[in-house]
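See below for the structure under consideration.
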Amino acid sequence: MEETYILGIESSCDETAAAVVKNGRTVLSNVIYSQIDIHTLYGGVVPEIASRKHIEKITQVIDEALREAKVPLERMDAISVTYGPGLVGALLVGVGAAKAIAYAAEKPLVPVHHIEGHIAANYIEYPDLEPPFLCLVVSGGHTHLVRVMDYDRFEVIGRTHDDAAGEAFDKVARAIGLGYPGGPKIDKAAKEGNPSAIDFPRAKISGAEFDFSFSGVKSAVLNYLNQCEMKQMEVNRADVAASFQEAVVDVLVERAVAAAKRSGEKRIAVAGGVAANSRLRAAMKEACEKEGLSLCYPSPVYCTDNAVMIAVQGYYEFLKGHLADYSLNAVPNLAVGEDRFGRACR
C-alpha cells in the first residue's frame with residue numbers, strides 16, 4: 001500500500017498547531033504553540049490577541065512539524081486545515097497559511113470541520129475503530145451526540161440548547177475563583193470535594209430526550225454562591241466544584257448511553273476538550289461496562305485543539321475527494337451537521 005502523508009494545520013482558537021500524519025493513523029509529528037498563559041491574564045481568550053499570536057507563530061510551527069516528521073513538504077499528498085467553526089480572525093490565519101502552502105507546493109487543499117476533527121482524534125489510538133459508532137462531543141463551544149455513519153457522514157441526534165459543557169465549566173470556575181482555563185481547574189479541585197455535598201439540577205429537555213442544557217446548573221451554582229454570601233457562610237470550593245462536575249457528568253453519560261442503546265450502536269467515543277475530564281472518563285467507563293458497550297477516548301493531548309486530528313480527518317476527506325480551491329474562506333459559525341460543500345447526511 002502506498003503511503004499517504006497529510007500536513008494538518010489548526011488555528012481555530014488559541015492554539016497554533018501543525019502535524020504530519022501517515023495513512024490517517026500514524027502520527028509523525030505534533031507541534032502545538034499554546035497561548036493559555038497569555039489569555040489567563042484576561043480570564044479567557046481575547047480574539048484579537050489570539051489572531052496576532054497565530055500570525056507570529058504559524059510559519060515556525062509548520063516548519064517544526066515538518067522537521068519533526070522528517071518528511072519534506074514535497075512528499076505531502078495534501079494540506080488539510082480547519083476552516084470552521086472557531087474565531088474568525090484565528091481561522092483566517094490557518095486558512096491563509098494552508099492556501100499559500102498548497103499553492104506554492106502544488107498540493108491539494110483539504111478543508112476540515114473542526115468538530116469532525118475532534119471525532120477523528122479517536123482513530124489515532126484505536127486502530128480497530130471504524131464507523132458506524134456514536135460520539136459524544138464535549139468542548140468549550142459544543143456539546144453534541146453524533147452518529148458517525150462513515151468517515152465523512154454524520155448525523156446529529158442531540159445538542160445543547162444553550163451553554164456547552166466546557167463553557168459552563170469555564171463560567172463556574174471563574175465564579176468560584178479558580179480562574180482560566182476552567183475545565184482542568186474544576187477537575188483538579190473536584191478531587192478534594194464531595195460530589196454529593198450540593199444537589200445541583202440535571203436538566204431534561206421536553207420532547208428532545210438526547211438534547212442538553214447547562215445554563216440551569218450554571219445558574220444554580222451562581223445562586224448558591226450568592227446565598228452563601230448573603231448568609232455569610234463559608235464556601236467550600238472543592239465541594240462546589242465536585243457537585244457541579246457530577247451534575248454535568250451525570251447528564252452527559254446518561255444521554256450518551258441512552259442514545260447508543262436507542263440507535264443500536266455498540267461503541268461510544270468521546271471527543272473534545274472536556275473528554276480529558278477524569279470524572280467523565282471514569283463515569284463513562286463504568287456505565288459502558290454495565291451496558292456492554294465499548295468505549296473510546298483520546299489521550300488528553302488529542303482532546304484539546306491540535307493539528308493531528310485535522311490531519312487524520314483530512315486524510316479521510318482526501319480519500320473521498322473532498323477538496324477546496326483557493327476561494328476557501330473561514331466559516332466561524334459552521335454548525336455540526338452543516339457543510340458548505342454540500343455533502344449529504346450531515
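Here the chain is scanned for chymotrypsin sites (Phe, Trp or Tyr not before Pro) in DSSP loops (not H, G, I, E, B) that have at most 11 other Cβ atoms within 10 Å, and the longest stretch holding none of them is 43-325.
Computed 3J(HN,Hα) for the range 315-323, one whole-Hz value per residue from the Karplus formula 6.51 cos²θ - 1.76 cosθ + 1.60 where θ = phi - 60°, is 4, 6, 5, 4, 4, 7, x, 8, 10, glycine and proline marked x. I want the local charge near Leu7. Using Cβ-Cβ distances under 15 Å, sum +1 for each Lys or Arg and -1 for each Asp or Glu among the other residues. Summing Lys/Arg as +1 and Asp/Glu as -1 gives -3.
For the range 131-298, with the dipole built from +1 on Lys and Arg beta-carbon atoms and -1 on Asp and Glu ones, taken about the Cα centre, which of Gly273, Pro181, Val221 lies farthest toward the positive end? Of the options given, the answer is Gly273. Amide hydrogen proximity for Ser29: with H placed 1.01 Å from N in the peptide plane, the residues at 5 or more positions away or on another chain lying under 5 Å are Val20. If one takes the longest principal axis of the Cα atoms in the chain, at what angle in degrees, from 0 to 90 and to the nearest 10, does the Cα axis of helix 278-291 lie? Here the helix axis deviates by roughly 90 degrees. For the range 131-298, the antiparallel share of DSSP beta bridges with both residues in that region comes to about 60%. Couplings for the range 262-273, taken from phi via the Karplus curve 6.51 cos²θ - 1.76 cosθ + 1.60 with θ = phi - 60°, read 5, 7, x, 6, 9, 9, 10, 10, 10, 8, x, x Hz in order; Gly and Pro are left as x. The local environment of Ala276, defined by Cβ-Cβ distances under 13 Å, has a net charge of +2 under the rule Lys, Arg +1 and Asp, Glu -1. Classified by the C-alpha gyration tensor, the range 188-247 has an oblate form. Its axis ratio a/c, with a ≥ b ≥ c, is 1.5 or above, and a/b does not exceed b/c. A convex hull fitted to the Cα coordinates of the chain yields 130 cubic angstrom per residue. Taken over the range 90-229, the convex hull of the Cα atoms encloses 172 Å³ per residue. Remark: the Cα gyration tensor places the range 238-315 in the oblate category, a/c being 1.5 or greater and a/b not exceeding b/c. What's the center-to-center distance, using Cα atoms, between the range 41-112 and the range 246-274 in Å? Cα centres, the range 41-112 to the range 246-274: 32 Å.
Electrostatic bookkeeping for Asp187 treats Lys and Arg as +1 and Asp and Glu as -1; over the other residues with beta carbon under 14 Å from its beta carbon, the sum is +3.
Which of the peptides 63-76, 14-27 is most tightly packed, and how do the rest follow, going by the mean number of other Cβ atoms within 10 Å of each residue?
Answer by packing, highest mean first, reads 14-27, 63-76.
Among the listed pairs Lys53/Lys204; Lys171/Lys266; Lys191/Lys231, those whose Cα-Cα separation exceeds 30 Å are Lys53/Lys204; Lys171/Lys266. Counting only alpha carbon atoms, the long axis of helix 165-175 and the longest principal axis of the chain meet at about 50°. The eigenvalues of the Cα gyration tensor, multiplied by 5 and square-rooted, give the range 131-298 an equivalent ellipsoid with semi-axes of 29, 15, 14 Å from largest to smallest. The value of relative contact order for the chain, using C-alpha pairs under 8 Å at least six residues apart, is 24 percent.
A short reminder: the numbers here are calculations on the coordinates, not readings from a lab. Keep in mind that this is a model prediction, so the values were computed, not measured. Virtual Cβ from ideal backbone geometry, glycine too; neighbours counted across all protein chains shown.
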